[in-house]
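Student: Take a look at the following structure, please.
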Amino acid sequence: MKRAIILVFALTVAGASVLAQDQARVFTAADYDRATRMLAPALNGLVVGGTVDPNWLPDGRFWYVRTTLTGTENVVVDPARGTREVVATPPPGAAPAQAAGAGRGGGRGGRGGGGVQITRDCGVNVTGLSTPPVPSLSPDRTKAIFICNWNLWVRDIASGQERQLTTDGVKDFGYATSNAGWTTSTAPALSWSPDGKKIATQIQDERKVGEMYLVRTPVEGGHPTLRAWKYPLPGDEHVAMITRVIVDVETGKVTKLLMEPDFHRAMDEDDIDMGEYVWSPDSTRLGLVSTDRFHKWSTAKLADVSSGEVRALFTEKEDTHVQTRVQWRILWDTKEVIWYSQRDGYAQLYLYDLDTGQLKNKITDGPGMVTSIARLDEKARTLWFNAVGKEKGQDPYFSHLYRVGLDGKNFVSLTPDNGTHSVEISPDGKYVVDTFSQPDVAPQTTLRNAATGALIMPLEKADISKLVATGWKPPMQIKMTASDGKTDIYGLLFRPTNFDPNRKYPIINQAYPGPQSGSVGSRAFSAARGDRQALAELGFVVVSIDGMGTPNRSKAFTDAYYGAMGRHNTIPDQIAGMKELAARFPWIDIDKTAMWGHSGGGFITADALLRPPYNDFFKVGIAESGNHDQRQYEDDWGERYQGPLVKNPDGTDSYGVEATQNFAEHLKGRLFLIHGGMDNNVPPYNTYLVVDALIKANKDFDMLIIPNAGHGFGPAGNYVMVQRWNYFVRHLLGAEPPRNYAVPAPPPSAGRGGPAEGRR
């Protein structure tokens, strides 16, 4: 009898255990509150100090406001004497300063409106929407130019008087417009001459270009509003073309440059970039760059602004595509050009002769990519530049400052500390204020010699004690091997702050494929990186990996999937990296894998769930705002990274094999598609194509359309984030999320922060 009782008890306990396992965990609002406490609004204000915003004085000293746990202090530094002193008030005559981290703002060379408002009724102007014109201020801020009814007008700031500069602009054939594809702006695209008497701009011809349509849903009933604008697609016969012109602001005289119209292209990214115009100091000559439709070449040119005569200097060519991330410089006094190129496999700077167009010498050399010019001293013929990948033993994405002569000699590394560096060089070029950090190392700022890199003194170190007191923990820096079995790839890994090494955690990959940016983003210290740590708090391991196809490693690395955006994108590297991490860390459950991404990340997420063999690896995917078929996305994107659209005799084309919807029949896991109904960057038709194919293939899937929302979802952003959390909780953990959870509003004093919403 006693044995029977024991047996019954054992069966009862076993039954209860099975029942408990069968009952899914129910997450509470408190569980989600714990996750939201790892978002930027809750954390950013807990990082105190560490950075320096210097205010330079005429005598070579500088002062700044340092933030401490108890308030702020004024600090005066004398680099020559090597002293640092806290003072009650700033030095006499010093301009007021902001505390470090507040940012100074500021615009670029007269391009912003500067607070000038144009009230003239211009009707439906430029963008297809009735929006007020945005003016561009002259260098001396006495005049403002704006677009009205496809023509240019000038306003005298003092008197408020306006007059029309051009008269022959007509609809879709107007002056200084830059709208094409996803770009729609009422601001004029132009470049002022140094003397403020002329502007360089273009007449953009879109009269035969195809249109894109979006319909805004009226929230209070009534007729919907149609938005129509010019949006060329890959393979279109007619795309946006620009005729370069010089306009005399005093007389209105228009001088067309004597050259063929250019494609609406820029060396760096997609759209017209007025930074490519380089004026001579006397305002008589203009440097400009022409780029072909497929970005396979860019030609530097020099124009006489009076006659319109144009001379080609030299041409940069690539088999894949030219991408210039550092604007060219013209040294007018010595008749030379500084030019950026990736022709040797890395991003380097070259020196050309302005008269002959011949290469004089290479300025920078060796592995690593030049990312920007920090300072140029033409008299001393010395260049300071930022670059990545040049410091052995460090993460190749860490940015550092270097100094080199224009002859390519006397190269010096100026910021050796392990980390990614943000620098400011003193006006006299003698000193560097250097702030550096890592994803898991808080910011520090030092003062260094700008010629030798020698350390003069430490200045500040961030206090993150309040941050750590919340239970916050930094992400892990991770290094793996790409799918080719030889290339190192890097990323970040996020774990719950209550991490238990004896548990198994599903792994979620937050990815972006490139080619113009990657998954991780900045390597600088940040209290929060989107919702990656917040998502981990719910019981996941979250990773972001910069696979091959992303920038800042080498030209070959970036071009890894050129011409094969769907077949050979970064997904093989993501899978290889995740498998390697699972082999290294037994707490990763590699049988429960997921991916989510936005825009280009949405594209590859859907691809990961649909395209064999990726669909055998990924079990859950959330694809937001994805450009799933490049034939439905703006011409510049696909034609740059996929190449020309080639139509085959059988009716197919070279883009079809890359389109996500063509693999809908292979869906195995759980797929959640999200898109904004008024997304003018990646129109929602990209997602509708996938939806249509999934329905025809009789596949179960989930979808959320945000009415009237743009590419980043706007006010609905937090709602989408919570739906993302819910989806992973349900389908990776088999649990039930809290019903109707809303992210709590941050306290009024909390910093905003958060992930920047980029182009794609």
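Student: Quick check on my link table: of 198/317; 409/461; 360/409, which ones sit more than 25 Å apart, alpha carbon to alpha carbon? Could the numbers behind the result be given before it?
Tutor: Numbers: 198/317 32 Å; 409/461 34 Å; 360/409 13 Å.
The answer is 198/317; 409/461.
Student: Mind giving me the FRET efficiency for residue 502 and residue 699? R0 is 35 Å, r the Cβ-Cβ distance, nearest 0.05 is fine. Numbers along the way, then the final one.
Tutor: On the way: r = 37 Å, r/R0 = 1.07.
My answer for the efficiency is 0.40.
Student: Can you give me the Kirkwood hydrodynamic radius for the range 134-248, using every pair of distinct Cα atoms, in Å to one decimal?
Tutor: Working: mean 1/r = 0.0637 Å⁻¹.
Mean inverse Cα-Cα distance, inverted, gives 15.7 Å.
Student: Sticking with this one: At 1.4 Å probe size, with every protein chain present, just tell me what the per residue accessible area of the range 556-711 comes to in Å².
Tutor: Working: 5100 Å² over 156 residues.
Ligands and nucleic acids excluded, the result is 33 Å² per residue.
Student: Viscosity 1.002 mPa s, temperature 20 °C: give me the Stokes-Einstein translational D for the chain in µm²/s, with Rh taken as the Kirkwood radius over C-alpha pairs. Before the final figure, lay out the partial values.
Tutor: Working: Rh = 28.6 Å.
Reported coefficient: 75 µm²/s.
Student: Turning to a different aspect of this structure: When ranked by the protection proxy of mean other Cβ atoms within 10 Å per residue, highest first, what sequence do the peptides 490-497, 535-542 form?
Tutor: Details: 490-497: 22.0, 535-542: 24.1.
The peptides rank, most packed first, as 535-542, 490-497.
Student: Once you order the gyration tensor axes a ≥ b ≥ c over the Cα atoms, which shape class does the range 563-637 get: rounded for a/c under 1.5, otherwise prolate or oblate by comparing a/b with b/c? It would help to have the intermediate numbers written out before the result.
Tutor: Values: a/c = 2.55, a/b = 2.14, b/c = 1.19.
Taking the square roots of the gyration eigenvalues as a ≥ b ≥ c, the range 563-637 is prolate.
Student: Send over a whole-number figure in Å² for the accessible area per residue of the range 134-259, probe 1.4 Å. Present the calculation step by step, with values, prior to reporting the outcome.
Tutor: On the way: 5520 Å² over 126 residues.
In whole numbers, the range 134-259 has 44 Å² accessible per residue.
Student: Okay, moving on. Given points 7 Å out from each Cα along the Cα-Cβ axis, report the residue 452 to residue 86 separation in nanometres with one decimal.
Tutor: 3.1 nm
Student: So how far apart, in nm, are the two label points at residue 30 and residue 653 if each is 7 Å from Cα heading toward Cβ?
Tutor: For residue 30 paired with residue 653, the spin-label model returns 5.7 nm.
Student: In the chain, with Lys and Arg counted as +1 and Asp and Glu as -1 at Cβ, which of these residues, 445, 308, 664, has the Cα nearest the positive end of the dipole, that is, farthest along it?
Tutor: 445
Student: Over the alpha carbons of the range 454-524, what is the largest minus smallest coordinate on each principal axis, giving the biggest first in Å?
Tutor: So the extents along the principal axes, rounded to whole Å, are 44, 39, 21.
Student: Here is a further query. Report P(r) for the range 374-477: all Cα-Cα distances, bin width 10 Å, range 0 to the bin holding the largest distance, values in whole percent.
Tutor: Going out from 0 Å in 10 Å bins, the range 374-477 shows 15, 42, 28, 11, 3, 0 percent.
Student: Enumerate the aspartates and glutamates that residue 696 could reach by cross-link, defined here as Cα to Cα under 17 Å, with residues fewer than 8 away along the same chain left out.
Tutor: 665
Student: Let me ask something else about it. Rounded if a/c is under 1.5, else prolate if a/b is larger than b/c, else oblate: which is the range 147-212, with a ≥ b ≥ c the root eigenvalues of its Cα gyration tensor? Could the numbers behind the result be given before it?
Tutor: Details: a/c = 2.22, a/b = 1.85, b/c = 1.20.
Cα axes put the range 147-212 in the prolate bin.
Student: Let me ask you something else. Using Cα positions and a limit of under 27 Å, work out the lysines in reach of residue 699, with same-chain residues fewer than 8 apart set aside.
Tutor: Within the straight-line limit of under 27 Å, residue 699 reaches these lysines: 592, 619, 668.
Student: Follow-up question, since we're still on this one. So what's the gap between the Cα centers of the range 257-279 and the range 694-734, to the nearest angstrom?
Tutor: First find each Cα centre; the distance between them is then 39 Å.
Student: May I ask you to order 721-732, 445-456 by the average number of other C-beta atoms within 10 Å around their residues, highest value first? Walk me through the numbers on the way to the answer.
Tutor: Numbers: 721-732: 20.7, 445-456: 17.9.
Packing proxy ranking, top to bottom: 721-732, 445-456.
Student: State the extension gain, in nm to one decimal, for the chain segment bounded by residue 156 and residue 410, taking 0.36 nm per residue of separation less the distance between their alpha-carbons.
Tutor: Values: separation 254, 0.36 × 254 = 91.44 nm, distance 4.95 nm.
Full extension of this stretch gives 86.5 nm more.
Student: For the chain, which whole-number percentage of the solvent-accessible area (1.4 Å probe, protein heavy atoms only) is attributable to carbon and sulfur atoms? Don't skip to the answer; put the middle values down first.
Tutor: Details: 16710 of 32380 Å².
That fraction is 52 percent.
Student: Tell me the per residue accessible area of the range 394-525 using a 1.4 Å probe; a whole number in Å² is fine.
Tutor: Working: 5120 Å² over 132 residues.
So the range 394-525 comes to 39 Å² accessible per residue, rounded to a whole number.
Student: Still on this model: Quickly estimate the mean residue ellipticity at 222 nm for the chain, helices only: each DSSP H run with n ≥ 4 gives -39500 (n - 2.57), and the total goes over all residues, rounded to 500. Before the final figure, lay out the partial values.
Tutor: Details: 11 runs with 108 residues, N = 760.
Value at 222 nm, helices only, nearest 500: -4000 deg cm²/dmol.
Student: Where Rh is the Kirkwood radius over the Cα pairs of the range 633-716, the temperature 4 °C and the viscosity 1.567 mPa s, what D in µm²/s does Stokes-Einstein return? Before the final figure, lay out the partial values.
Tutor: Details: Rh = 14.5 Å.
Estimated via Stokes-Einstein, D reaches 90 µm²/s.
Student: Could you work out how much longer the chain between residue 430 and residue 568 gets when fully extended? Use 0.36 nm per residue separation minus the Cα distance between them, nm to one decimal. All intermediate terms of the calculation are to be shown ahead of the outcome.
Tutor: Values: separation 138, 0.36 × 138 = 49.68 nm, distance 4.76 nm.
Length difference between fully extended and current span is 44.9 nm.
Student: Tell me the volume per residue, in Å³, of the convex hull enclosing the alpha carbons of the range 170-307. Write down the numbers at each step before the final one.
Tutor: Numbers: hull volume 19.5 nm³, N = 138.
Looking at the range 170-307, the number lands at 141 Å³ per residue.
Student: Work out, step by step, the length gained on full extension between residue 220 and residue 378: first 0.36 nm times the residue separation, then minus their alpha carbon distance; give nm to one decimal. Present the calculation step by step, with values, prior to reporting the outcome.
Tutor: Working: separation 158, 0.36 × 158 = 56.88 nm, distance 6.16 nm.
Result for the pair: 50.7 nm of gain on full extension.
Student: FRET efficiency for residue 484 and residue 284, Cβ-Cβ distance as r, R0 = 51 Å, nearest 0.05? Please report the intermediate quantities before stating the final value.
Tutor: Values: r = 52 Å, r/R0 = 1.02.
About 0.45, to the nearest 0.05.
Student: To continue, here is another question. Helix 2-22 versus the longest principal axis of the chain: what is the Cα-based angle in degrees, 0 to 90, to the nearest 10?
Tutor: 20 degrees
Student: Sticking with this structure for a sec: What is the spin-label model distance, in nm, from residue 646 to residue 306 if the labels are put 7 Å beyond Cα along the C-beta direction?
Tutor: Roughly 5.0 nm, to one decimal.
The values are calculated or read from the model by the stated rules, or taken from the named source; none is laboratory data. Since the structure is predicted, the reported quantities are computational estimates derived from the model, not experimental observations. Please note: Cβ atoms are built from the backbone with ideal geometry, for glycine as well, and neighbour counts cover all protein chains shown. To get the accessible areas, we keep the full protein, side chains included, count just its heavy atoms, and leave off ligands, DNA and RNA. Shrake-Rupley method; radii C 1.70, N 1.55, O 1.52, S 1.80 Å.
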